[in-house]
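Here is the structure we will look at, set down as structure tokens.
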Amino acid sequence: MTGFFDIPPDPDSLRTHAPGPSGSLPLTDDILKSWSSGDLFGLTQSVGMGFDPRRVLGDQYLILSTQGGLRENDGTPLALGYHTGHWEIGMLVRAAAEQLTRRDAVPFSAYCSDPCDGRSQGTQGMFDSLPYRNDAAIIFRRLIRSLPQRKAVIGIATCDKGLPAMMMALAGCGHLPSVLVPGGVTLPATVGEDAGKVQSIGVRYARGEMSLEEASLEGCRACGTPGGGCQFLGTAATSQVVGEALGMTVPHAALAPSGGPIWTQLARDSADVAIEMVSRQLTLSEILTEDALYNAVLIHAAVGGSTNLLLHIPAIAAAAGLQRPDASAFREVNRLVPRFVDCLPNGPVGHPTIRFFLAGGVPEVAWHLRELGLLRSNARTVTGMTWDEILDQWQDSDRRRFCRQRLAESDGIDPEDVIVPPQRAADKGLTPTVCFPVGNLCPEGSVIKATSIDPSVIDADDVYRKRGPARVFTRERDAIAAVKGQTDRPIAAGDIIVLIGRGPIGCGMEETYQITSALKYLSFGKQVALITDARFSGVSTGACIGHVGPEALDGGPIAKVRDGDIVEIEIDRRSLDGRVELIESADGIPAEQLLRDRSPHPDLRTESNIPDDTRLWAALQRVGGGAWGGCVYDVDEIIATLQAGMEARKKQPSSATG
């Protein structure tokens, strides 16, 4: 091996000292006597990085983001990011920093990137996905606290875990002025499949439902533009909608097209708002109120958002010191409001997110909800305006008129076919969204996006009914192999897949989109149901019931189901009532006896290669309320539990005396 110990290139450039910055710090007698050494040394480091010493005493603003990858000046990749959602975020950071500089502020920038649930589907990377959200929120909060002189924070994020983590971090620092900047969406390809459907090319090819050439073509062209979250109202897009609904963003911020001028303007406007919040002494804790939280749950229901927000909204509430909404709170709101947004993956048409944005986005939805008397429109936003004040301006605004006209001209789409006036929504086939079935397999509850069940398997009374044999799996890779037809007993129409041991304790509560997408796009998939203690991608559709509680490894009765057992599902899409029941074994033994006398499935165990980091997260979130509590850390409960455990262990006889 050669080269490591050669003389370095351009040897004369190797220096041992340098003159340092010119000029002097604008220090005063009071600064030197009263400031900490850390604050003073921070100034030295700022000019050491090349910052103008004459400006160094300006107000400091922190821009946090989830930027990933490394782009050349022309935008081409030098080092890839994990996903499009954080690929162009540096452009937003730059726009915000430039605006802060124009306003004589001192911008700081820091990053904590995020993984991609799409990239990690079906891999061990999924074991880190949900735990990462908590880790990133901790890192963001530490970064905020580590810049002691910051006046305000601008948080820029886009996707499934980075954006909820950012909202949790900002909410947890509610004493500061903070503004959220959603990172926008990628455009759909002019011709081709969307980023949700394209994730099923493997299973469709394996089942002979598409050719190698078709799979290769569709897999290449699904992302129409290089940046932004996926084109469907999954977890990433729903998180953007929820962030705006909470009042954390400037108006009409969620789902803007990544990379365009309307998108970068959001960053500049957000920088201005951050400065105005500082001047008004307006903090985020004054924005994140019970009314704001209610509006977030309300708008989530109206748009038909991802079920993963049932994990993230309670986590944001906990960080803000608010009461976490539980299943009953979500159920109550979903019964109040009809879904009136037709956006992928929901139907009946399933428009991409850019059309939702152009049809009016969150302000348009909020306006309809105010007309229905449901929106708590006195809630304030980071702009300082209430929703009433925003919506009074929105309806006759040039922006609304331009965006809706652009949608009609470019795509030939009537905006009212995307954001449907609520009084016409039911007639167009839009139904309420989230249902929380209970039953002897899920006594603590479960969740299904009822609106996304294929209409052809719904009875005339708008009830989905299914009774069939269980196909039990304890590993997702075994389940997907059976779905692909790569096992001795492939999944067939009529089966009910029961996937257990995939909750927080089992593997970190993985997302099972490779299964749910397969069931949506396979020709027989609508005749198959799925029940699991895992979670789903926000783009999942079909008769897919997740978040089953208790999870199998926490004593949940779902652990006792065996192959061939008869399971019955009933979901009422009008009342949002539902049940998931074990009926009997294949040879007729009743459920009561099975659930009483059976031991858990013999193959049920924690994933052998689960990371220790994830095991620790699972244990801590379990004390804090588990999945139905948002998978958060309740520090007081954790400390009390540890203390009680330590005291109990002290009382145990030692092995030497036992």
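The values are calculated or read from the model by the stated rules, or taken from the named source; none is laboratory data. From a predicted model like this one, the values you see are computed outputs, not experimental measurements. Glycine also receives a Cβ, built like all others from the backbone with ideal geometry; neighbour counts cover every protein chain displayed. Just the protein is used for accessible areas: all its heavy atoms, side chains included, with ligands, DNA and RNA removed. Shrake-Rupley method; radii C 1.70, N 1.55, O 1.52, S 1.80 Å.
Here are a few things to note about the model shown:
- Filtering the range 28-58 to residues that are in a helix (DSSP H, G or I), hydrophobic (A, V, I, L, M, F, W, C) and crowded, with 16+ Cβ neighbours inside 10 Å leaves Leu43, Val47.
- Cβ pairs under 8 Å, 6+ apart, first in the range 451-478 and outside any loop (DSSP other than H, G, I, E, B), second hydroxyl-bearing (Ser, Thr, Tyr) and surrounded by 16 or more Cβ atoms within 10 Å (Cβ to Cβ): Thr451/Thr431; Thr451/Thr433; Ser452/Ser540; Ser452/Thr541; Val457/Tyr464; Ile458/Tyr464; Glu476/Thr512
- The number of residues in the range 121-142 being part of a helix (DSSP H, G or I), over 26 Å from Val153 (Cβ atoms) and in contact (Cβ under 8 Å) with a residue 24 or more places away in the chain comes to 3.
- Residue within the range 251-265 that is within 15 Å of the chain's Cα centre (by Cα) and either at pLDDT 95 or above or open to solvent by 10 Å² or more (accessible area, probe 1.4 Å) (or both) present: yes
- Summed over the range 196-207, residues that are closer than 23 Å to Gly412 by Cβ and open to solvent by less than 10 Å² (accessible area, probe 1.4 Å) total 1.
- Which numbered condition Leu62 misses (of (1) part of a strand (DSSP E or B); (2) over 26 Å from the mean Cα position of the chain (by Cα); (3) of a type outside the set (D, E, K, R); (4) within 25 Å of Met277 (Cβ to Cβ)): (2)
- Test result for Asp6, more than 44 Å from the chain's Cα centre (by Cα) and either farther than 26 Å from Ser239 by Cα or not basic (Lys, Arg) (or both): yes
- Single match in Gly445, Gly412 (criterion: open to solvent by 20 Å² or more (accessible area, probe 1.4 Å) and within 24 Å of Pro345 (Cβ to Cβ)): Gly412
- Those residues of the range 208-250 which are assigned to a helix (DSSP H, G or I) and surrounded by fewer than 23 Cβ atoms within 10 Å (Cβ to Cβ), in sequence order: Leu212, Glu213, Glu214, Ala215, Ser216, Leu217, Glu218, Gly219, Cys220, Arg221
- Lone unmet requirement of (1) open to solvent by less than 20 Å² (accessible area, probe 1.4 Å); (2) farther than 29 Å from His547 by Cβ; (3) in contact with a strand residue (DSSP E or B) (Cβ under 7 Å, 6 or more places away or on another chain) for Ala302: (2)
- Number of the exception - Tyr61 against (1) among the aromatic types (Phe, Trp, Tyr); (2) closer than 30 Å to Pro26 by Cβ; (3) open to solvent by 20 Å² or more (accessible area, probe 1.4 Å): (3)
- Single condition Leu430 does not satisfy, out of (1) hydrophobic (A, V, I, L, M, F, W, C); (2) part of a helix (DSSP H, G or I); (3) under 21 Å from Ile354 (Cα atoms); (4) in contact with a Phe, Trp or Tyr (Cβ under 8 Å, 6 or more places away or on another chain): (2)
- Filtered by the rule that a residue be open to solvent by 20 Å² or more (accessible area, probe 1.4 Å) and of a type outside the set (Val, Ile, Thr), the range 95-109 gives Ala97, Glu98, Gln99, Arg102, Arg103, Asp104, Pro107, Phe108, Ser109.
- Tyr82 open to solvent by 40 Å² or more (accessible area, probe 1.4 Å), touching a Ser or Thr at 6+ places or on another chain (Cβ under 6 Å) and either at pLDDT 95 or above or closer than 30 Å to Gly196 by Cβ (or both): no
- Residue check, Val539 within 26 Å of the chain's Cα centre (by Cα), of a type outside the set (Asp, Glu) and over 23 Å from Glu444 (Cβ atoms): yes
- Qualifying positions in the range 495-519 - open to solvent by 10 Å² or more (accessible area, probe 1.4 Å) and farther than 13 Å from Thr532 by Cβ: Asp495, Ile505
- The C-beta contact set for the range 69-91 (first residue touching a residue at least 12 places away in the same chain (Cβ under 8 Å) and part of a strand (DSSP E or B), second residue surrounded by 19 or more Cβ atoms within 10 Å (Cβ to Cβ) and among the aromatic types (Phe, Trp, Tyr), distance under 9 angstrom, 6+ apart or interchain) comprises Arg71/Trp87.
- Residue among Ile639, Ile589 that alone is within 27 Å of Ala492 (Cα to Cα), aliphatic (A, V, I, L, M), free of Cβ contacts under 8 Å to residues at least 24 places away in the same chain and loosely packed, with under 14 Cβ neighbours inside 10 Å: Ile589
- Conditions (1) in a loop (DSSP other than H, G, I, E, B); (2) surrounded by 10 or more Cβ atoms within 10 Å (Cβ to Cβ): number failed by Pro8: (2)
- Some residue of the range 548-557 being open to solvent by less than 10 Å² (accessible area, probe 1.4 Å) and either within 21 Å of the chain's Cα centre (by Cα) or on the phi > 0 side of the Ramachandran plot (or both): yes
- Residue ID - surrounded by the fewest Cβ atoms within 10 Å (Cβ to Cβ), chosen from residues in the range 342-375 that are in a loop (DSSP other than H, G, I, E, B) and small (Gly, Ala, Ser): Gly373
- Flag if Leu530 is more than 21 Å from the chain's Cα centre (by Cα), open to solvent by less than 10 Å² (accessible area, probe 1.4 Å) and not basic (Lys, Arg): yes
- Tally of residues being over 29 Å from the mean Cα position of the chain (by Cα) and either part of a helix (DSSP H, G or I) or at positive phi (or both) across the range 389-423: 11
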